[in-house]
Every structure is written in C-alpha cells, then in structure tokens.
Amino acid sequence: MRITRLVNARSSAVSENVAPRLQPGIFDFALLDTPLCRSPAVLSAFLLIPFFTLLYPASARAEYVVLKSGQRLVVTGYQLIGDTYKLQLAGGAAELPASEVVAIEPEEIFHPEPRPPLADIPYADFIKNAAQHHGVDADLIVSVITAESKFNPKAISRKNARGLMQLLPQTAARLGVKNIFDPRENIEAGTKYLRELLDRYDNNLVLTLAAYNAGPLRVEQYKTIPPYRETISYVRRVQQTYKTRKSATPASAHTATDTAPSAKSGG
C-alpha cells in the first residue's frame, strides 16, 4: 500500500512503499506532529479520513505482507497495534512484530474464495456424511437425488419408491431404514445402496445407474442398460447432472471417494 508521509513544512509530499501505519478506520496521530499538519485545513482533512472510510469501505481484496525474510503472506485484513501487526489470514489470525514487516502491498490478482462443493444444496450435511461414510462421490449422490425426487423428501413414485433417493420399502427395510421419509436415513441408505451397486458393477456408472432405476435383475438379464425408455432417460439425466457438477466444481473441492465411478458404457 502506498502512503504519503508529510516530512516538514518546507518539503513536498513524497510517496514511498513502506509498511503502512494507516489502515481504514485506524488513524496514526503521530503524523500530525509536523508544522504543516498543524494548520486547520490539513488537520480537518486528516480528521475526515475515518468518516470517508465508513462511507466507502475498502474493496474485498487480499494484500501481501512482505517480511524481512522475503516471505509474502496473503492477508485479508491487518491492524497495527503498538509494535505488533495483527493479521487476518484465510485460515485464522496471526501476530507479527512490526520490525519484521518490510511492506504491505496490494495483491496483483484477487482470487475470490471458492464456493463449497455442496453450496446451496439441501441436506448438504447428510450428503457429505453419507459420501464420506460409504466412499461415494457427493456429486453423484446429488445427481441421483435430483433425478429421483428433485429433493422432495416426501416424494412417492407410481412404483411406491419413497423419499429423497426413492427407495422401495423392501430395499429400505434390508438397509435398516426405520423412517423412509427421514432425509438423513433415506440419504444414508440410498448412498449405501449406490456403493453396493458400484462394487457389483466394478464402478461402471452406467450399469450402476441402470440397476438403481430398473433393478439389478434387469441389468443381469440384458447385460447392459435395459431397453426401457424410462431407464435410458434416467441414466442420461443423472450422467448429465453429474458431468455438469464435476466440470463446475474445482477438483480439490470434491468430496473424496475410495474409487471414482467409471463413465464407460455397459455391455
């Protein structure tokens, strides 16, 4: 950050890149201890700085704190208190002696904080927990729920499949579900069933989705996607949603899985 320090009454203002002693809302009255700064006009201008800071807050930019060692810390906020800098970091806070700080500079490129992978997704905590518990990609769970129920926990299909992941009562009972309409239980059981199918079909996503929709017996019968319009459409819709989510979310933000499902076709 570049600041102007008033040296004395006879010198002009000079700009130097130094560790700043001013921060929005924090005023260093030591700068007033010069003849020029004692004039009423200059004093009034200085005293208005905090006021204008409140009206026009600093933009949401990160800054570099440059240390004597050459290290550059990315901070989102800082404050000089006495001889100590209090720094706001992305992962918390830290304190440094002011003597260790060479300069504070604007970050050349501002990188916004990445959105969480399940941002704006209903029942995100249940999905995340089930994904971690069973080693199933959270994006795949979201894609299945989107196709099955559009996140309606009370949904009932014509075939009597129920809840968010549209479990048949007999499947839910086998998986230990007590309340099929409870979002946590339904997601946990549906994810466990997905894990079973992924293991059964060697992580073949197409066959897994086909079996989830039409049942494993039909997949075994045809050795590929059963020739049902509903099942073919279902597999395509889930795959499309899954592909869209994977391409829109940074790889580092995905919930880790034990084995990623393959998109290869069955047969």
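The values are calculated or read from the model by the stated rules, or taken from the named source; none is laboratory data. Note that the structure is predicted; figures quoted are calculated from it, not measured. For neighbour counting, all protein chains shown are included, and Cβ atoms are generated from backbone atoms with ideal geometry for every residue, glycine included. Surface areas here come from the heavy atoms of the whole protein model, side chains and all, with no ligands, DNA or RNA. Shrake-Rupley method; radii C 1.70, N 1.55, O 1.52, S 1.80 Å.
Can Thr255 be described as at pLDDT below 95 and in contact with a helix residue (DSSP H, G or I) (Cβ under 6 Å, 6 or more places away or on another chain)? Lay out the reasoning, then the answer.
On the way: at pLDDT below 95: yes; in contact with a helix residue (DSSP H, G or I) (Cβ under 6 Å, 6 or more places away or on another chain): yes.
The answer is yes for Thr255.
Quick check: is even one residue across the stretch 180-192 of a type in the set (Ser, Thr, Tyr), within 27 Å of Pro117 (Cβ to Cβ) and in contact (Cβ under 8 Å) with a residue 60 or more places away in the chain?
Applying the first criterion (of a type in the set (Ser, Thr, Tyr)) to the stretch 180-192 yields 191.
From what is left, the residues that are within 27 Å of Pro117 (Cβ to Cβ) are 191.
Right, trim to in contact (Cβ under 8 Å) with a residue 60 or more places away in the chain and you get 191.
Within the stretch 180-192, one or more residues are of a type in the set (Ser, Thr, Tyr), within 27 Å of Pro117 (Cβ to Cβ) and in contact (Cβ under 8 Å) with a residue 60 or more places away in the chain.
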Which pairs turn up if I take residues in the stretch 232-244 that are of a type in the set (S, T, N, Q) and look for partners that are modelled with pLDDT of 95 or more and open to solvent by 40 Å² or more (accessible area, probe 1.4 Å) with beta carbon separation below 9 Å, at least 6 apart in sequence or on another chain? Thr241/Thr146
Residues located in the stretch 188-205, provided they are surrounded by fewer than 21 Cβ atoms within 10 Å (Cβ to Cβ) and β-branched (Val, Ile, Thr): none
Out of the residues in the stretch 139-168 meeting the condition of being closer than 14 Å to Gly215 by Cβ and out of contact with any helix residue (DSSP H, G or I) (no Cβ under 8 Å at 6 or more places or on another chain), tell me which one is surrounded by the fewest Cβ atoms within 10 Å (Cβ to Cβ). Lys159
Give me the pairs: first residue in the stretch 83-98 and part of a strand (DSSP E or B), second residue open to solvent by 80 Å² or more (accessible area, probe 1.4 Å) and of a type in the set (Asp, Glu), beta-carbon distance under 9 Å, and six or more apart or on different chains, which are they? Thr84/Glu95; Tyr85/Glu95; Lys86/Glu95; Leu87/Glu95; Pro97/Asp83
